[in-house]
Amino acid sequence: MKQVPLKVFDRQGVLVGPLDLPRVEKTAQEWQKQLTPEQFAVARAHGTERPFCGTLLDNKRAGVYSCVCCGLPLFASNAKFESGTGWPSFFQPIADENVATKRDVGHGMVRVEILCARCDCHLGHVFPDGPAPTRQRHCVNSESLTFTDVDQLASLADPAAS
């Protein structure tokens with residue numbers, strides 16, 4: 001099984017790594033059993049939720065946003081900002097290793113797609129129009145994410161990080 005270097009939480013709720021962890025690979029049928037139809041349409045079929053409708057857009061709580069498919073931590077609340085675009089936006093990932101990029105030439109545009117580095121969940125796109133310090137805007141679909149409050153980060157512990 002292919003391994004990927006990723007940063008994950010340990011049992012104390014501390015981000016550690018990178019650790020070489022196995023990729024998560026499932027069939028479309030397995031993903032459909034695990035995800036809601038809306039999550040599947042976005043996360044596995046590379047769809048986009050309607051702007052200003054995502055459940056995490058207005059979330060102001062402190063914590064971590066993880067992949068809806070495999071649970072990999074992707075973004076921290078302290079990197080979230082109000083972009084006015086209608087999707088949760090972050091100026092950087094929680095760890096560069098955890099978010100993969102891919103050229104996207106669909107819909108008559110050239111963009112940079114962002115994906116979960118462990119399972120290839122479609123997150124959204126990254127644009128060069130974000131705030132300092134990175135000037136990046138990771139524009140992410142709520143359907144691709146789960147949220148964990150800061151006082152519950154130990155619940156995200158990866159067995160490999162013990």
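The values are calculated or read from the model by the stated rules, or taken from the named source; none is laboratory data. From a predicted model like this one, the values you see are computed outputs, not experimental measurements. Glycine also receives a Cβ, built like all others from the backbone with ideal geometry; neighbour counts cover every protein chain displayed.
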If you scan the range 105-119, which residues turn out to be touching a residue at least 24 places away in the same chain (Cβ under 8 Å) and in a loop (DSSP other than H, G, I, E, B)? Ala117, Arg118, Cys119
The range 20-36 - residue that is more than 14 Å from Asp120 (Cα to Cα) and over 18 Å from the mean Cα position of the chain (by Cα) and, of those, surrounded by the most Cβ atoms within 10 Å (Cβ to Cβ): Gln32
Can you say whether Thr101 is part of a strand (DSSP E or B) and in contact (Cβ under 8 Å) with a residue 60 or more places away in the chain, as far as the supplied structure shows? no
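The rows are residues; the columns are (1) small (Gly, Ala, Ser); (2) more than 27 Å from Ala28 (Cα to Cα).
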{"site": "Met109", "(1), (2)": "no, no"}
{"site": "Ile114", "(1), (2)": "no, no"}
{"site": "Asp129", "(1), (2)": "no, yes"}
{"site": "Arg137", "(1), (2)": "no, yes"}
{"site": "Glu143", "(1), (2)": "no, no"}
{"site": "Ala161", "(1), (2)": "yes, yes"}
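Among the listed residues Lys60, Lys102, identify the single one that is exposed (fewer than 15 other Cβ atoms within 10 Å of the Cβ), at pLDDT below 95 and among the charged types (D, E, K, R).
When all the criteria are applied, what remains is Lys102.
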Give me a count of the residues in the range 71-89 that are farther than 17 Å from Asp149 by Cβ and touching a residue at least 12 places away in the same chain (Cβ under 8 Å). 7
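Does Val68 fit the bill of being in contact (Cβ under 8 Å) with a residue 24 or more places away in the chain, surrounded by fewer than 18 Cβ atoms within 10 Å (Cβ to Cβ) and of a type in the set (A, V, I, L, M, F, W, C)? So that I can check it myself, show each step before the final result.
Numbers: in contact (Cβ under 8 Å) with a residue 24 or more places away in the chain: yes; surrounded by fewer than 18 Cβ atoms within 10 Å (Cβ to Cβ): no; of a type in the set (A, V, I, L, M, F, W, C): yes.
No, not satisfied.
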Which residues, counting only those in the range 127-150, are of a type in the set (A, V, I, L, M, F, W, C) and exposed (fewer than 15 other Cβ atoms within 10 Å of the Cβ)? Ala132, Val150
